[in-house]
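Undergrad: Take a look at the following structure, please.
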Amino acid sequence: MNKNLFLKNTQALFEVDQILAYKLRSLEKIDFKILQNENGINFIKDDIALYKNPNQELLESLTLFKSEYEKYPVLFFYGFGNGMFYKALCENKNHKHIIVFEDELEILALAFHLFDFSKELKNEKLILFYTPEVTTAQLTTLFIYE
């Protein structure tokens, strides 16, 4: 795992969400394992894989979003996965904000070790919410944000 990449991502996150950045940096134990093979990058916990076939699922999701949602300025998702999908979506100039709710800090931490999201986090193209601690004030701000 790339510790420097994790630190770069959490530093960028710190500029927009200090609490979540601190929580990620404070994680002491990660129960998920990374499996990288010809099928892509998968996260496994208790012998249960997050994806059946990561590359195939990524390709199917990207195909759908490029054909159906290419011009949408804001997209909402639940679950961050390995992060590849969001990294690819951030390349689309039409998407101004990609908002992701995630309830597993470990998943965010692993993805932050794998991909550089620092630019997308700093400019709030990628906005993350840790679901167990989302407040009404955060949601209100999100939906009145211009």
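Undergrad: Return yes or no: is residue 91 assigned to a loop (DSSP other than H, G, I, E, B), modelled with pLDDT under 95 and out of contact with any helix residue (DSSP H, G or I) (no Cβ under 8 Å at 6 or more places or on another chain)?
TA: no
Undergrad: Return the total of residues in segment 66-83 being part of a loop (DSSP other than H, G, I, E, B) and either over 20 Å from residue 109 (Cβ atoms) or among the charged types (D, E, K, R) (or both). Even if it seems obvious, please write down each step before you answer.
TA: Step one: list which residues in segment 66-83 are part of a loop (DSSP other than H, G, I, E, B), which gives 69-73, 79-83.
This time we only want the ones that are either over 20 Å from residue 109 (Cβ atoms) or among the charged types (D, E, K, R) (or both), so: 69-73.
Matching residues across segment 66-83 total 5.
Undergrad: Moving on. Name the residues in segment 39-83 that are within 17 Å of the chain's Cα centre (by Cα) and of a type in the set (Asp, Glu), would you?
TA: If the condition is that a residue be within 17 Å of the chain's Cα centre (by Cα) and of a type in the set (Asp, Glu), then 57 is the only one that fits.
Undergrad: Among the residues of segment 105-118, what is the count of those that are in contact with a strand residue (DSSP E or B) (Cβ under 9 Å, 6 or more places away or on another chain), surrounded by fewer than 20 Cβ atoms within 10 Å (Cβ to Cβ) and either of a type in the set (D, E, K, R) or outside any helix (DSSP H, G or I) (or both)?
TA: 1
Undergrad: Only one residue in 41, 99, 34 is within 13 Å of residue 127 (Cα to Cα) and either assigned to a strand (DSSP E or B) or at pLDDT 95 or above (or both). Which one?
TA: Just one listed residue meets the conditions, 99.
Undergrad: Something else now. Here is a check on your reading of the model: is residue 63 assigned to a helix (DSSP H, G or I) and within 21 Å of residue 133 (Cα to Cα)?
TA: Details: assigned to a helix (DSSP H, G or I): yes; within 21 Å of residue 133 (Cα to Cα): no.
It is false that residue 63 is assigned to a helix (DSSP H, G or I) and within 21 Å of residue 133 (Cα to Cα).
Let's see how each residue does on (1) touching a strand residue (DSSP E or B) at 6+ places or on another chain (Cβ under 8 Å); (2) surrounded by fewer than 15 Cβ atoms within 10 Å (Cβ to Cβ):
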{"site": "3", "(1), (2)": "no, yes"}
{"site": "7", "(1), (2)": "no, yes"}
{"site": "24", "(1), (2)": "no, no"}
{"site": "29", "(1), (2)": "no, yes"}
{"site": "37", "(1), (2)": "no, yes"}
{"site": "48", "(1), (2)": "no, yes"}
{"site": "63", "(1), (2)": "no, yes"}
{"site": "66", "(1), (2)": "no, yes"}
{"site": "80", "(1), (2)": "yes, no"}
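Undergrad: Now a separate question. Please indicate, with yes or no, whether at least one residue in segment 101-122 is closer than 27 Å to residue 22 by Cα, β-branched (Val, Ile, Thr) and free of Cβ contacts under 8 Å to residues at least 40 places away in the same chain.
TA: No, that holds for no residue.
The values are calculated or read from the model by the stated rules, or taken from the named source; none is laboratory data. Keep in mind the model is a prediction, meaning the values are calculated, not measured. Every residue, glycine among them, receives a Cβ derived from its backbone with ideal geometry; neighbour counts consider all protein chains shown.
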